1. Nearest 10 degrees is fine. How inclined is helix 34-48 to the longest principal axis of the chain, computing both from alpha carbons?
2. May I have the extent of the alpha carbons of segment 150-261 along their three principal axes, as whole Å values ordered from largest to smallest?
3. So in the chain, what percent of DSSP beta bridges are antiparallel if you round to the nearest 5?
4. Determine the shape class of segment 130-214: with a ≥ b ≥ c the square roots of the Cα gyration tensor eigenvalues, call it rounded for a/c under 1.5, and otherwise prolate if a/b is greater than b/c, oblate otherwise.
5. Using Cα atoms only, what is the angle between the long axis of helix 109-118 and the major principal axis of the chain, expressed in degrees (0 to 90) to the nearest 10?
6. Just to confirm my numbers, what's the Cα centroid distance between segment 122-196 and segment 226-290 in Å?
7. What are the aspartates and glutamates whose alpha-carbon lies under 18 Å from the alpha-carbon of Lys184, with same-chain residues fewer than 8 places away excluded?
8. Would you compute, from DSSP H runs of 4+ residues alone, the mean residue ellipticity of the chain at 222 nm, taking -39500 (n - 2.57) per run and dividing by the full residue count, rounded to the nearest 500?
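Computed from the coordinates by the stated procedures, all read-outs in this text should not be read as laboratory data. Computed from a predicted structure; not experimentally measured. We place every Cβ from the backbone using ideal geometry, glycine too, and count neighbours over all the protein chains shown.
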Amino acid sequence: MPSRPPSLRAIAAFEAAARHQSFSKAAAELVLTQGAVSHAISALEKRLSVELFVRSGRQIVLTDAGRALAGRVRLGLSLIGDAFEASPWLDRTNLRITVVPAFARRVMAPLLPSLRRTFRDMTLHVSSSWNLEPIGSEYDVGLRYGPGRWSGLAAAKIAEETLIAVASPLYPRALPTSPGELLKHDLIGHPEFPWSVWFDAAGIATREPRAALSVTDSDMIIDAAAAGAGMALVRSCLAQEELRSGALVRLFDVEAPAPYAYWMVWDPATPKVRLIEQFRAWLEGELEAAKGAQKRRASRQE
């Protein structure tokens, strides 16, 4: 005879702790004490004879067994949710998308007409946020810039990113005619994208040059360059609109690899995998088309 399943309270405690990677956050969400959450998970570990989390002080990380269980638990909870959904099949025509802010403004916003034409029979909800926690509950899919490892979520790379040097026609001096000449101009710095990486790609050995202006936001640095504040090293995907309009000019064909790439992430237990795959195929096609257009513009400028 099958053994009695764990209590829903213990299952909920494990799912919330796995999603938040935190006993305290799980306790706050479930209106329980942290001790109650920890006790429930210890009981599950004893029942299964495996460790579900590696505990290090206040930090917890899912073990391989924990990740496997988390995926199955989310699938089970998703099926339970469907059973109580008043219009479960109607929900399959809704796709809730969360997009990292800079990508949302500079890449997704211009693509929204195409997105709407492609998915005419679907209701689309697009939000701008860095927060990954609600994926699987508030959102179906997320677009992120990062290393590609998000605990408890499936991830697929949708585009590589490169760093290119740009300047505005409004820049008060004549634009440089060689990569090395950039060192004599006003450079805009970003803490995550050192100019020395770009100069290395150009075959110029140099220490990190002094920046006349430092900007910590990848979105704002494009605006600063377009205003004529200096030469900027920017993420090429984010600068497409300014390059198309002529607000920015690419300096030389040198490019350096960015530290991260763009990823699509989702809950592996979602019942909307087919819709997410359709959305992914559409977005990859649009990004590839934009990349081709960028290369054609660059070749005409040479």
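1. The helix 34-48 is inclined about 70 degrees to the chain.
2. 50, 33, 24
3. 65 percent
4. Taking the square roots of the gyration eigenvalues as a ≥ b ≥ c, segment 130-214 is prolate.
5. For 109-118 against the chain, the angle is about 60 degrees.
6. Using only Cα atoms, the two centres lie 7 Å from each other.
7. Once the sequence-local aspartates and glutamates are set aside, what remains near Lys184 is Asp200, Glu208.
8. Using -39500 (n - 2.57) per qualifying helix, the result is -12500 deg cm²/dmol.
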